[in-house]
Amino acid sequence: MPAFTTALVSDETGLPGVENEVSVRLIFNAPLKKDATITVSGLLGAGTADTDALAIGLETPSGAAAELMPTAKWTQATGAVEVTLARDMTRDEQLKFHFALTNPASDNAAATVTVSCAGCLKVDDARSSLAMASLTKATNVLQTEAAVATCTDNTKFGALCESTCAGVVVGSVCTCAPGFFGDDCSVQGAVLQRTSRVIDPATQSAATVVATADGQGVSVPVGALTGAELVEVAVKLYSVAPQPHAGQGLLPNGRAQTYAPRGLAFAQEVTLLLDYNATTHDTALYSVSGHWLNRTSGLWEALASGSVVNGLVRSPVRHFSMFAAML
């Protein structure tokens, strides 16, 4: 029966009230036709108002035509995004897109999404008289908790509540929305490169490398992912280096990288491939290793000692977060 066989839906942050990128990858077993509308509903609690012009980002393979129209309809009450196919798609293709919604401002349960499509099947398909079966799936998307600040003014942080946070203060820590960096979250970085890849733990027979065109990413060995469900591993490389607190005594030596699904833990170590700039500091005087951002404390913590191979810092890790090479 024609159907969406897999829907992989993830987001970047559970921080309340900030812009959050939602990513969707759809796998289907029948050809789809141009101008059909695919609906992803159930994204409840988002603060984004109704619009007919929600921007859609694509990860179209090089040389291929765009799969979707550049904007979509968003309906807040039903948490529904309606995207329109810009061309026919074969059953061997996958549809990957992303869009930004504003996270709920307070406690919100994770979304259970439904993917549906009326009139999606190509006219020349032998099964065109059949409806495309929808797919419903539980996710952790749009799951938030209200932020409680230590200071009376919830925009302030620091021992004496002396600093202003451009992000969201959680306890006494200034926590940055995706794409923002620095102690006070005032530095914005652009996404330079991004990539993603689906891994099937049940059939994986060799290490899977998910990396940008310049090689930044992660190598996932067999056995690191367990369970029966497909996992989409995603990597983003930003244009700026992170800015650890001056008191930590760390020297950033590469641009920030984020990984998804957020909070993913591995059964065994995977190897990060981190951006590295050998010209900024004398590596004879400093040792380089990967570091991860502990969002609870706001501090950068060292991973096990890394090695520099082919201009990248290789560091082992068992969880996903924000990472960077530092001295």
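Taking θ as phi - 60° and the Karplus parameters 6.51, -1.76 and 1.60, the scalar couplings of segment 78-85 work out to 9, x, 10, 10, 10, 9, 10, 5 Hz in sequence order, x denoting glycine and proline.
Straight-line cross-link partners of LYS96 among the aspartates and glutamates, defined as a Cα under 18 Å from its Cα and at least 8 positions apart when in the same chain: ASP11, GLU12, GLU21, ASP35, GLU59, GLU67, GLU82, ASP88, ASP200, GLU229, GLU232.
Close amide H pairs (under 5 Å, H built 1.01 Å from N) link ALA36 with LEU85, residues at least 5 positions away or on another chain.
Residue-wise HN-Hα couplings along segment 246-262, as the Karplus relation 6.51 cos²θ - 1.76 cosθ + 1.60 with θ = phi - 60° gives them from phi, are 4, x, 7, x, 9, 10, x, 10, x, 7, 5, 10, 10, 10, 9, x, 5 Hz; Gly and Pro carry x.
As a calculated quantity, the FRET efficiency between ARG318 and THR84 at R0 = 41 Å, using C-beta atoms, amounts to about 0.50. Which of the following values of P(r) over Cα pairs in 20 Å bins from 0, in percent was calculated from the structure shown: [x] 28, 49, 20, 3; [y] 32, 58, 10, 0; [z] 29, 56, 14, 0? The value matching this structure is [z]. Once backbone amide H atoms are built at 1.01 Å from N, VAL187 has PHE181 as its partners under 5 Å, excluding neighbours fewer than 5 places away on the same chain. Taking only the C-alpha atoms of segment 190-327, the Rg (one decimal) and the largest Cα-Cα distance, Dmax (whole number), read 14.7, 47 Å. For the set LYS34, LYS156, LYS96, the ranking by accessible area, highest first and with no ligand, DNA or RNA atoms included, is LYS34, LYS156, LYS96 under a 1.4 Å probe. Note on THR112 and ARG197: the extension gain reaches 28.3 nm, defined as 0.36 nm multiplied by sequence separation minus the Cα-Cα distance. Scalar couplings 3J(HN,Hα) for segment 265-273, obtained by applying the Karplus form with A = 6.51, B = -1.76, C = 1.60 to θ = phi - 60°, are 10, 10, 6, 8, 5, 10, 10, 6, 10 Hz; x denotes Gly and Pro. Within segment 1-160, the percentage of alpha carbon pairs spaced more than 18 angstrom apart rounds to 60%.
Taking N as the residue count of segment 72-212, its C-alpha radius of gyration divided by 2.2 N^0.38 Å amounts to 1.48. Amide H contacts under 5 Å for VAL170: THR175, restricted to partners 5 or more places along the chain or on a different chain, H placed in the peptide plane at 1.01 Å from N.
Can you pick out the pairs among LYS34/LYS122; LYS34/LYS73; LYS33/LYS137; LYS73/LYS122 whose Cα atoms lie more than 19 Å from each other? The pairs that break the limit, which is 19 Å between Cα atoms, are LYS33/LYS137; LYS73/LYS122. Relative to the current alpha-carbon distance between VAL308 and ASN29, full extension at 0.36 nm per residue lengthens the span by 96.1 nm.
The values are calculated or read from the model by the stated rules, or taken from the named source; none is laboratory data. Everything numeric in this text was worked out from a predicted model, so none of it was measured. As a convention, Cβ positions derive from the backbone with ideal geometry for all residues, glycine included, and neighbour counts pool all protein chains shown. Keep in mind that these areas ignore ligands, DNA and RNA; they rest on the heavy atoms of the full protein, side chains included. Shrake-Rupley method; radii C 1.70, N 1.55, O 1.52, S 1.80 Å.
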